[in-house]
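Asker: Following this message is one structure expressed as C-alpha cells.
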Amino acid sequence: MQTLTLNNGVEMPALGLGVFQSSPDETIAAVTAALELGYRHIDTAAAYGNEREVGQAIRNSDVPRSEIFIETKIWISDYGYDETLHGFDKSAAKLGVDRIDLLILHQALPSEFDKTLDAYRALEKLLADGKVRAIGVSNFMVDHLTRLLDATDVVPAVNQLEIHPYFQQRSVLNFDTAHGILSQAWSPIGGITFYPGYGEDRRSVLQDPAVTAIAERHGKSPAQVLLRWGLQQGRSVIPKSTKRHRIAENIDVFDFELTADELTALDALETGRRGGPEPENITLAAYGRAIPEA
C-alpha cells in the first residue's frame, strides 16, 4: 500500500475504505472484507452513524490496531470548543479506541464561523494532548481555509473534498498544495453523483468514453482508472463500496500507471457540477442533527 506523509510527519495509507451511507451490518462486513484484502485505512464520521460498527470490525480483525489508520469526522451539531471535545469522546468510545489517527471537521459553518473556529481549536487541543495523531477539515473552500489559517495555529493535515474528473475543484486543490494540506477525495469515482446532461440524458463519469477507453487500454475497470488518476496526482482517495469484489477491485490500483496524455484527457472532463451540497449552504438549521452519545 502506498502511503502519504502528512504535514506533521504522520504516515497515512493513500487509499482507504469509505463507509458513507453503509448500514451497520453492511459496515461490519465491508470493513472486515477490506482489512482481509489489505486495506489499512478506514474513513467514517459521527454523522454516518456507523462508527461503532467500524470499531467492532477492527477489533474482530486479525490486523493489529497499530497497523490501521482510523479517520473520522466531527459533525456541525457538535461544533464549539467544549462540544467538539465531547464529540471526540463520543467517537472514540464508539470506535473503541483511546486515540484517533485523523480527526477532521465535516463541514464549515459559514454563517457561524466562530463555532467552526472553536471546533478547530478543540482539535488543536486534542492533537497537543496526543489524543489524535493528525487533524484536518472536509469540504472547506478557499475562503474557509483562509479564515481558518488566519485564526488558528495548526495547518490542517488534510482537506477532504468531492474530487473526480467531472468535478475537480482545482482552485481548492492548488490552495491546499500551496499550504501543505493534503487533498483527500471523497466520491473519487463520482459514485454518489449522476450528472444531468442535455435533455433527458444522464451520465456518470464511470461511463464516460474517455474513461472507458483508458480502462480498456490498461485492462482495468473505469473505477480503477479514476482512482489511479487521483493517486498519481498526489491525492488520497476514499472509495466506498459494500461489495467484496468491488472492495477488492478498488485496492488493485498499484500495478499500472496512466500516461501524461491519459492524465490530461481525464483532466479535460471537468463539468463544474458539484454532486454534494454547496458548502456555503451548510447551516445548523438545515443540516444540524444530534449525534447520539456513546
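The values are calculated or read from the model by the stated rules, or taken from the named source; none is laboratory data. Computed from a predicted structure; not experimentally measured. With ideal geometry, Cβ positions are generated from the backbone for all residues, glycine too; neighbour counts draw on all protein chains shown. Ligands, DNA and RNA are excluded from the accessible area calculation, which covers all protein heavy atoms including side chains. Shrake-Rupley method; radii C 1.70, N 1.55, O 1.52, S 1.80 Å.
Asker: Any chance you could count how many residues in the stretch 96-138 are touching a Pro at 6+ places or on another chain (Cβ under 8 Å), open to solvent by 10 Å² or more (accessible area, probe 1.4 Å) and either in a loop (DSSP other than H, G, I, E, B) or among the aromatic types (Phe, Trp, Tyr) (or both)?
Answerer: The number of residues fulfilling the criteria is 1.
Asker: Filter the stretch 244-276 down to the residues that are within 19 Å of SER22 (Cα to Cα) and either in contact with a helix residue (DSSP H, G or I) (Cβ under 8 Å, 6 or more places away or on another chain) or not in a helix (DSSP H, G or I) (or both) and list them by number. Full working, then the answer.
Answerer: Going residue by residue through the stretch 244-276, those that are within 19 Å of SER22 (Cα to Cα) are 244-251, 275-276.
Selection gives ARG244, ARG246, ILE247, ALA248, GLU249, ASN250, ILE251, GLY275, GLY276.
Asker: Further question: Is it the case that SER77 is buried (at least 21 other Cβ atoms within 10 Å of the Cβ), in contact (Cβ under 8 Å) with a residue 40 or more places away in the chain and among the hydroxyl-bearing types (Ser, Thr, Tyr)?
Answerer: No, not satisfied.
Asker: Which ones in the stretch 65-95 are assigned to a helix (DSSP H, G or I) and either hydrophobic (A, V, I, L, M, F, W, C) or at pLDDT below 95 (or both)? Write out each step before concluding.
Answerer: Initial filter on the stretch 65-95 (assigned to a helix (DSSP H, G or I)): 65-67, 76-78, 81-95.
Across the stretch 65-95, the qualifying residues are ILE76, LEU85, PHE88, ALA92, ALA93, LEU95.
Asker: Additional query: Counting only residues that are more than 16 Å from ASN8 (Cα to Cα) and not β-branched (Val, Ile, Thr), which one in the stretch 141-155 is most open to solvent (accessible area, probe 1.4 Å)? Steps first, please.
Answerer: Residues of the stretch 141-155 that are more than 16 Å from ASN8 (Cα to Cα), as a first pass: 141-148, 150-151.
Subsequent filtering for residues that are not β-branched (Val, Ile, Thr) retains 141, 143-145, 147-148, 150-151.
Numbers: MET141: 32, ASP143: 83, HIS144: 0, LEU145: 1, ARG147: 93, LEU148: 0, ASP150: 128, ALA151: 41 Å².
Top of the filtered list is ASP150.
Asker: Read through the list (1) of a type in the set (S, T, N, Q); (2) open to solvent by 20 Å² or more (accessible area, probe 1.4 Å); (3) farther than 18 Å from PRO13 by Cα, then give the number of the only condition that ASN50 fails.
Answerer: Among (1) of a type in the set (S, T, N, Q); (2) open to solvent by 20 Å² or more (accessible area, probe 1.4 Å); (3) farther than 18 Å from PRO13 by Cα, the lone unmet condition for ASN50 is (2).
Asker: Further question on the same structure: Return the residues of the stretch 205-243 that are among the polar types (S, T, N, Q), assigned to a helix (DSSP H, G or I) and open to solvent by 50 Å² or more (accessible area, probe 1.4 Å); say none if nothing qualifies.
Answerer: GLN207, GLN232
Asker: Which members of the stretch 54-74 meet the condition of being among the acidic types (Asp, Glu) and surrounded by 15 or more Cβ atoms within 10 Å (Cβ to Cβ)? Explain how you work it out, then say what you get.
Answerer: So in the stretch 54-74, the residues among the acidic types (Asp, Glu) come out as 62, 67, 71.
GLU71, the sole residue that qualifies.
Asker: If you don't mind, another one. With under 28 Å from HIS179 (Cα atoms) and crowded, with 22+ Cβ neighbours inside 10 Å as the only criterion, which of ALA34, ALA45 stands out? Can you show your working first?
Answerer: Working: ALA34 fails: under 28 Å from HIS179 (Cα atoms).
Of the residues listed, the single one that is under 28 Å from HIS179 (Cα atoms) and crowded, with 22+ Cβ neighbours inside 10 Å is ALA45.
Asker: List the residue pairs whose Cβ atoms are under 8 Å apart, where the first residue sits in the stretch 10-30 and is aromatic (Phe, Trp, Tyr), the second is open to solvent by 10 Å² or more (accessible area, probe 1.4 Å), and the two are 6 or more positions apart or on different chains.
Answerer: Between residues of the stretch 10-30 that are aromatic (Phe, Trp, Tyr) and residues that are open to solvent by 10 Å² or more (accessible area, probe 1.4 Å), the close pairs are PHE20/TYR48; PHE20/TRP186; PHE20/ILE192; PHE20/LYS240.
Asker: Just give me the residues in the stretch 50-65 being of a type outside the set (D, E, K, R) and in contact (Cβ under 8 Å) with a residue 12 or more places away in the chain, in sequence order. Can you show your working first?
Answerer: Taking the stretch 50-65 as the starting set, the residues that turn out to be of a type outside the set (D, E, K, R) are 50, 54-58, 60-61, 63-64.
ASN50, VAL54, GLY55, GLN56, ALA57, ILE58, ASN60, SER61, VAL63, listed by residue number.
Asker: Return yes or no: is ILE291 open to solvent by less than 70 Å² (accessible area, probe 1.4 Å), assigned to a helix (DSSP H, G or I) and at pLDDT 95 or above?
Answerer: When the stated conditions are applied, ILE291 does not pass them.
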